[in-house]
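A short worksheet on the structure shown next.
The values are calculated or read from the model by the stated rules, or taken from the named source; none is laboratory data. For clarity, every value in this text was computed on a predicted model and none was experimentally measured. Here the Cβ positions follow ideal geometry from the backbone for every residue, glycine too, while neighbour counts run over all protein chains shown. These accessible areas exclude ligands, DNA and RNA; they are computed on the full protein's heavy atoms, side chains included. Shrake-Rupley method; radii C 1.70, N 1.55, O 1.52, S 1.80 Å.
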Amino acid sequence: MTIWTWAQIKEKVANDLDLNGEVFVGDEELLGYGNAALEEAEKEVMTLYSKYFETETNLSLVSGTSVYALPTDIYAVKITLIQYSDGATKYKIRPLKNLDEIAFVQENDAYRYRIINAAAQGFRIKLYPPSRETSTSNVTVHYLRTVARFEDDADTLEIPEAAQFIIQHMKDAILNKEVGPTNSTPPSPALEKQRELFRSVLGEMKDDLENEIEPDTSFYEEFDSYDLIGDY
């Protein structure tokens, strides 16, 4: 599969629309169109196959500290799993959903967490109880990340399957500018065709990689009270 750079994408758009030598669309404006197209492609991925962007990082624990920053590239606070492992003790760090339980958290309990939105710092992970240790590896956060936006010519497209969709999306934006804001048109048939092709590829990826049925654990989740949490 071809890995497109931003330079190649904008060159393709310019050649297809015969924009070479034109000043109708500047570099900054073209970059805006490219990132707008990339954002829409990202939404398609998150809707149809969000595991495309599943990744992980370690939470750097500091003894006595309870509030930690989220990964800088997290998508819409989408945490899929937080796990604890110090080698001997291993467990899933479960979300603390019932605020009434906070008052009963003990110092040596298994960690639980909430997502809080601090006015100055924004979204943060808060551990209950506060960390008992200083460690850079004991807690792993699994999450969905954002796609890297275009900034420089050498930047590569992180969703290569979306290349033709993004190129056509940019063409639509440029052609809409040409007709003026009062005459802007809906997405072109060419764009909708590329969207459907892109969705089809995502669907095939999901079929290939998600062929296992996860067990239904909802029965056990109903009994997931604070008193029952422990190491396992």
**Prompt:** Do any residues in the range 78-97 that are closer than 20 Å to Leu144 by Cβ have Cβ atoms under 8 Å from those of residues that are at pLDDT 95 or above and among the polar types (S, T, N, Q), where the two are at least six apart or on different chains, and which pairs are they?
**Reply:** Ile82/Thr140; Gln83/Thr140; Lys92/Gln83; Ile93/Gln83
**Request:** Tally the residues that are of a type in the set (Val, Ile, Thr) and either more than 31 Å from the chain's Cα centre (by Cα) or within 15 Å of Ile125 (Cβ to Cβ) (or both), restricting the search to the range 88-101.
**Result:** 1
**Conditions (1) over 20 Å from the mean Cα position of the chain (by Cα); (2) in a loop (DSSP other than H, G, I, E, B); number of the one not met by Ser137** = (2)
**Message:** Suppose we filter the range 117-139 for residues that are open to solvent by 30 Å² or more (accessible area, probe 1.4 Å), of a type in the set (Val, Ile, Thr) and within 22 Å of Glu54 (Cα to Cα); how many remain?
**Reply:** 1
**Request:** Taking Tyr113 as the residue in question, decide whether it is surrounded by 13 or more Cβ atoms within 10 Å (Cβ to Cβ), assigned to a strand (DSSP E or B) and either of a type in the set (A, V, I, L, M, F, W, C) or within 18 Å of the chain's Cα centre (by Cα) (or both).
**Result:** no
**Request:** Would you please list the contacts, defined by Cβ atoms under 7 Å and residues six or more apart or on different chains, that run from a residue in the range 7-21 that is modelled with pLDDT under 85 to a residue that is part of a helix (DSSP H, G or I)?
**Result:** Asn20/Ala14
**Message:** I'm checking my understanding of the structure. Among residues of the range 50-102 that are among the aromatic types (Phe, Trp, Tyr) and outside any helix (DSSP H, G or I), which one is most open to solvent (accessible area, probe 1.4 Å)?
**Reply:** Tyr75
**Prompt:** So is Ile3 under 27 Å from the mean Cα position of the chain (by Cα) and within 27 Å of Val201 (Cβ to Cβ) or not?
**Reply:** yes
**Message:** When you check Glu161 against the structure, is it open to solvent by less than 70 Å² (accessible area, probe 1.4 Å) and touching a residue at least 60 places away in the same chain (Cβ under 8 Å), yes or no?
**Reply:** yes
**Message:** Please verify whether Gly21 is within 30 Å of Ser135 (Cα to Cα), open to solvent by 40 Å² or more (accessible area, probe 1.4 Å) and among the small types (Gly, Ala, Ser), treating the condition exactly as stated.
**Reply:** no
